[in-house]
Amino acid sequence: MNTSTVTRNIREVSDVAWIRYDELAVDSSYQRPLIGGHIAYLKADWDTLFVGVLVVVERTPGRFFVVDGQHRWEAAIALGKGAETVRCLIIQGFGDVKLEALHFEKLNVQSKVRPDAVNKSKLSRREPHAVAREAILRSFGLTTDPKVAGSVKSLSTIEKIYNKDEGALLTQTIRVILNSFGMEGESLTQNIFKGVSDFIDRYRDEKAFTEAKLITRLKKFGEAERLRSAAVNYHNIMAPMSKATAMVAVMLNSYNRGRMQNKRLPV
């Protein structure tokens, strides 16, 4: 089949063709980072029969980009099989890298794709909420890029916090964490982000709550690890209380300690 003559709409059945590995490419702007161990596994036990079908998009006539199957493609290239052909499901009609990125997300929504890979794809296609979250993080010298210093450790938690009110809670949470613990140790982990955001979300509208007081109290723990450790101990004592609830309880006890009754936050 001459793939360059196919002009079907993207919503119709895509075409299948055998294409040389060295005629394919990968767009790293939205693809997940390569997993070296997986490539090594594929290379060590390579079997053409089990390569299966790669999903590719024909961005322009004769230019094919792998949307699903980049590890198999990378292994084949590393093994010097560029001149060999592989069966490909060809999708046409995108005409926009942003749509390719969106298709990558949809293809992988049921598989165990790391949140950072999905987030990278969303940023590539300029998905508004992903861009807004990244802008908030960068305003504090943080990022969702796992390869860069200041990378947050739980994108799913960051997304949930952002979705509470489209950024206000996330902004305040980051400000409190950084002013209390800096960026060191466990400061940027899921437990700390969730615990601090849950506390703020629960009490920020209370008259007795001030951000400055919360920061002052959290600083007394010295570092984020000690807050997490105190929450774990409280959870063990108060089981079946959840760990998240235990974190809020520890912070509440610290916040209220030594304060007059009318200046305490409610339990």
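The values are calculated or read from the model by the stated rules, or taken from the named source; none is laboratory data. A quick note: this is a predicted structure, and the numbers were derived from the prediction, not measured. Methodologically, a virtual Cβ is constructed for each residue, glycine included, from the backbone with ideal geometry; neighbour enumeration extends over all protein chains shown.
Which one is farthest from Thr60 (Cα to Cα), of the residues in region 9-28 that are modelled with pLDDT under 85 and under 31 Å from the mean Cα position of the chain (by Cα)? Selected residue: Arg11.
Candidates are the residues of region 241-264 that are over 31 Å from the mean Cα position of the chain (by Cα), assigned to a helix (DSSP H, G or I) and of a type outside the set (Ser, Thr, Tyr); the one that is nearest to Phe209 (Cα to Cα) is Lys263.
Within region 170-198, being surrounded by fewer than 20 Cβ atoms within 10 Å (Cβ to Cβ) and touching a Phe, Trp or Tyr at 6+ places or on another chain (Cβ under 8 Å) holds for Arg175, Leu178. Taken over region 63-85, residues that are in a strand (DSSP E or B) and more than 31 Å from the chain's Cα centre (by Cα) amount to 1. Of everything in region 216-240 that is surrounded by fewer than 18 Cβ atoms within 10 Å (Cβ to Cβ) and within 27 Å of the chain's Cα centre (by Cα), the residue that is nearest to Thr189 (Cα to Cα) is Glu225. Scan region 70-83 for residues that are out of contact with any Phe, Trp or Tyr (no Cβ under 6 Å at 6 or more places or on another chain), farther than 25 Å from Ala117 by Cβ and touching a residue at least 40 places away in the same chain (Cβ under 8 Å) and the total you get is 1. Among the residues here, Gly167 does not qualify as among the small types (Gly, Ala, Ser), in contact with a helix residue (DSSP H, G or I) (Cβ under 7 Å, 6 or more places away or on another chain), within 30 Å of Val267 (Cβ to Cβ) and crowded, with 21+ Cβ neighbours inside 10 Å.
Yes/no per residue for (1) of a type in the set (A, V, I, L, M, F, W, C); (2) out of contact with any strand residue (DSSP E or B) (no Cβ under 8 Å at 6 or more places or on another chain):
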site: Phe50; (1), (2): yes, yes
site: Val67; (1), (2): yes, no
site: Trp73; (1), (2): yes, no
site: Val86; (1), (2): yes, no
site: Glu105; (1), (2): no, yes
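Sort out which residues of region 25-52 are in a loop (DSSP other than H, G, I, E, B) and either under 20 Å from Thr85 (Cβ atoms) or β-branched (Val, Ile, Thr) (or both), and write them in order of number. Of everything in region 25-52, those that are in a loop (DSSP other than H, G, I, E, B) and either under 20 Å from Thr85 (Cβ atoms) or β-branched (Val, Ile, Thr) (or both) turn out to be Val26, Ile35, Trp46, Asp47, Val51, Gly52. Yes or no: region 91-100 includes at least one residue that is closer than 16 Å to Ser28 by Cβ and of a type outside the set (Lys, Arg). Yes: region 91-100 contains one or more residues that are closer than 16 Å to Ser28 by Cβ and of a type outside the set (Lys, Arg). Here His103 meets each of (1) in a helix (DSSP H, G or I); (2) at pLDDT 80 or above; (3) more than 16 Å from the chain's Cα centre (by Cα); (4) not hydrophobic (A, V, I, L, M, F, W, C) with one exception, condition (2).
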